Amino acid sequence: KYYSFKQKKQNILSGLSGQYSNRLYALKTIRKHRIFENDEYECIRNERDILILSRQCSFIYQIHAVFHDLERVYFLLEYAPCGCFYRFLYRVGKGFNEECIQWFSGQILCALRFLHSKLIVTRKNLV
């Protein structure tokens, strides 16, 4: 059964009320025709599966829900106040000190360690 975006959004957000009511969320929207035009169905499905599996890891942003309507697929995600890491690096430029670099490196290493433990990231698929 398909719901309108407004109905589905209200159902999802009402389900997140209570302890989550003061949190911010990001909504990733993907147009279905682009998924099929670019043959990205498997990629999007893998992203969803990996994000769901990664709920066990605090170093990877969390997914709260996945839903779709006739035109789009939606991922309701944990809000990242600085946005994409790449954009953050671009904005900061060369303004990192050694302590900041160590902190970010540690965060990335912990996320990669988790993904490696789940056989998502291995030497074989990095080559």
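The values are calculated or read from the model by the stated rules, or taken from the named source; none is laboratory data. On a predicted model such as this, the values are computed, not experimentally measured, just so you know. Cβ sites come from the backbone with ideal geometry, for glycine too, and all protein chains shown count toward neighbours. Only protein heavy atoms, including side chains, enter the accessible area calculation; ligands, DNA and RNA are left aside. Shrake-Rupley method; radii C 1.70, N 1.55, O 1.52, S 1.80 Å.
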Notebook entry, point to check: In segment 48-83, what residues are modelled with pLDDT under 90, in contact with a strand residue (DSSP E or B) (Cβ under 6 Å, 6 or more places away or on another chain) and open to solvent by 70 Å² or more (accessible area, probe 1.4 Å)?
Noted result: Tyr61, Tyr79
Check: Conditions: (1) in contact (Cβ under 8 Å) with a residue 24 or more places away in the chain; (2) assigned to a helix (DSSP H, G or I); (3) not polar (S, T, N, Q). Leu70 meets all but one. Number of the miss?
Finding: (2)
Next item on the list: Mind counting the residues in segment 33-42 that are surrounded by 15 or more Cβ atoms within 10 Å (Cβ to Cβ) and more than 18 Å from the chain's Cα centre (by Cα)?
Entry: 0
Margin query: Looking at the structure I just gave you, is Ile108 in a loop (DSSP other than H, G, I, E, B) and either at pLDDT 85 or above or open to solvent by 100 Å² or more (accessible area, probe 1.4 Å) (or both)?
Written below: no
Checklist line | Answer from Ser58, Ser54 - the residue that is within 27 Å of Arg23 (Cβ to Cβ), without any contact (Cβ under 8 Å) to a residue 12 or more places away in the chain and either touching a helix residue (DSSP H, G or I) at 6+ places or on another chain (Cβ under 8 Å) or not in a helix (DSSP H, G or I) (or both) | finding: Ser58
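Which one of Arg45, Arg23, Arg87 is modelled with pLDDT under 90, part of a helix (DSSP H, G or I) and open to solvent by 80 Å² or more (accessible area, probe 1.4 Å)? Full working, then the answer.
On the way: Arg45 fails: modelled with pLDDT under 90; Arg23 fails: part of a helix (DSSP H, G or I).
Result: Arg87 is the single residue among Arg45, Arg23, Arg87 that is modelled with pLDDT under 90, part of a helix (DSSP H, G or I) and open to solvent by 80 Å² or more (accessible area, probe 1.4 Å).
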Next item on the list: Being in a helix (DSSP H, G or I) and surrounded by fewer than 10 Cβ atoms within 10 Å (Cβ to Cβ) is the filter; apply it to segment 111-125 and report the residue that is nearest to the chain's Cα centre (by Cα).
Entry: Asn125
